Amino acid sequence: MDKPKPQVFYEIHKDIPREGPGDNESTRQAFSMLSELSDSPHILEIGCGPGMQTIELAQMTNGLITALDNQKRFLDELEKRAKVAHVEEKIKTVEGSMFALPFSEKSFDLIWAEGAIYIIGFREGLIYWKSFLKENGYIAVTHISWLKDNIPDEPKKFWAEGYPAIATVEKNLEIVEQCGYKNIGHFALPASAWWNDYYTPLEARLKMLREKYKDDKESLDRINQTQREIDLYKNYSDYYGYVFYLMQKAS
Ligand code: SAH
């Protein structure tokens, strides 16, 4: 399930502001749509990474956030950032897997996951994680989605290999209902949420690593693969994007 990755992967994804598309404004907008959330909710954040959105969430709630990731280095970074932002008492980090959550059933008012549910799968995550929600609990996730119906061959082929279950927004909204939730709202993240804190710093990093690994084919392949992902978005951002899906447990 979690394949070992070459060293260069860790260097590509080290000390960048985020580990996936997103921005604080979208985090705030999504949070404000959860109108029945209690004043001090217990929030489980899955795949928190270095935690830009965790800090933003902590600043909007009086509740507690349990922030889970399977990479200790990200949790360490999040803890550092939380201290700087003076929200460390609201955040508890847990090293663990989204496939085997180390929590009791019905313990959370809200499960939050930005750019992470694709790892378990949209449908699979919504089904498995539901048992950890209290009655009427919420899930807020961002997920890669087709934004149009007629997708050109290049992005179609890329995503057929990268995430074959990619679906249109309408289809994902159907999956939400099939999994026993009520759709509360959804919106596409702006293209700037891909660039400012993610692809722009990532691209600068790739440039530096391409020089460092110029004689190492395996690492160069990995670097080029990430560059291809960025180039694809440059050309086809009208066709796919990240969509925030907000839902409430219904059954
Ligand atoms: N939410 C963050 C990170 C998204 S990247 C952001 O938007 O910046 C996906 C995150 O999921 C990474 O931090 C990665 O370490 C974590 N992850 C990968 N596999 C996981 C697993 N099996 N269980 C828990 N977390 C996992």
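The values are calculated or read from the model by the stated rules, or taken from the named source; none is laboratory data. Quick caveat, the model's predicted, so the values are computed rather than measured. Every residue, glycine as well, gets a Cβ built from its backbone with ideal geometry; the counts of neighbours run over all protein chains shown. Calculation scope for accessible area: heavy atoms of the full protein, side chains included, ligands and nucleic acids excluded. Shrake-Rupley method; radii C 1.70, N 1.55, O 1.52, S 1.80 Å.
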Item to check | Cα gyration tensor shape of the stretch 160-251, rounded if a/c is under 1.5, else prolate or oblate by comparing a/b with b/c | outcome: prolate
Item to check | Cα coordinate range in the stretch 72-219, projected on the principal axes (Å, largest first) | outcome: 54, 46, 27
Item to check | Phi-based couplings in Hz for the stretch 212-219 (Karplus 6.51, -1.76, 1.60; Gly and Pro marked x) | outcome: 4, 9, 4, 9, 10, 5, 4, 5
Next on the checklist: Modelling each spin label as a point 7 Å along the Cα-to-Cβ direction, I'd like the Lys80/Glu105 distance in nm, to one decimal.
Outcome noted: 4.1
Checklist entry - Considering the Cα trace of the chain, what is its radius of gyration and what is Dmax, both in angstroms? => result 17.9, 56
Next on the checklist: If I take R0 = 30 Å and measure r between the Cβ atoms of Glu177 and Tyr10 in this structure, what FRET efficiency does the formula 1/(1 + (r/R0)^6) give, to the nearest 0.05?
Outcome noted: 0.20
Checklist entry - Within the stretch 7-59, which trypsin sites (Lys or Arg not before Pro) sit in a loop by DSSP and count at most 15 neighbouring Cβ atoms inside 10 Å? => result Lys14
Checklist outcome for this item: Per the rule of 0.36 nm per residue minus the C-alpha distance, extending Met60 to Arg28 adds in nm 10.7 nm
Checklist entry - Picking from Leu206, Phe158, Gln7, whose Cα lies most toward the positive end of the charge dipole for the chain (charges on Cβ: Lys, Arg +1; Asp, Glu -1)? => result Gln7
Next on the checklist: For the stretch 118-188, compute the orientation-averaged projected area of the C-alpha convex hull (one quarter of its surface), in nm².
Outcome noted: 5.0
Item to check | Net lengthening on full extension, Ile230/Arg123 (0.36 nm per residue, minus Cα-Cα) | outcome: 35.9 nm
Checklist outcome for this item: From the cross-link list Lys14/Lys92; Lys80/Lys212; Lys5/Lys72; Lys90/Lys182; Lys14/Lys212, the entries with a Cα-Cα span beyond 24 Å are Lys80/Lys212; Lys90/Lys182
Checklist outcome for this item: Taking a ≥ b ≥ c as the square roots of the eigenvalues of the Cα gyration tensor, with a/c under 1.5 meaning rounded and otherwise prolate when a/b exceeds b/c and oblate if not, the stretch 2-52 is prolate
Item to check | Diffusion coefficient, µm² s⁻¹, Stokes-Einstein with Kirkwood Rh over alpha-carbon pairs of the stretch 1-140 at 20 °C and 1.002 mPa s | outcome: 140
Checklist outcome for this item: Here the Kirkwood hydrodynamic radius of the stretch 51-110, Cα-based and in Å, equals 12.0
Item to check | Members of Lys83/Lys249; Lys156/Lys207; Lys157/Lys234 lying beyond 21 Å, as alpha-carbon distances in this model show | outcome: Lys83/Lys249; Lys156/Lys207
Checklist entry - Carbon and sulfur atoms: what percent of the 1.4 Å accessible area of the stretch 108-241 do they account for? => result 48
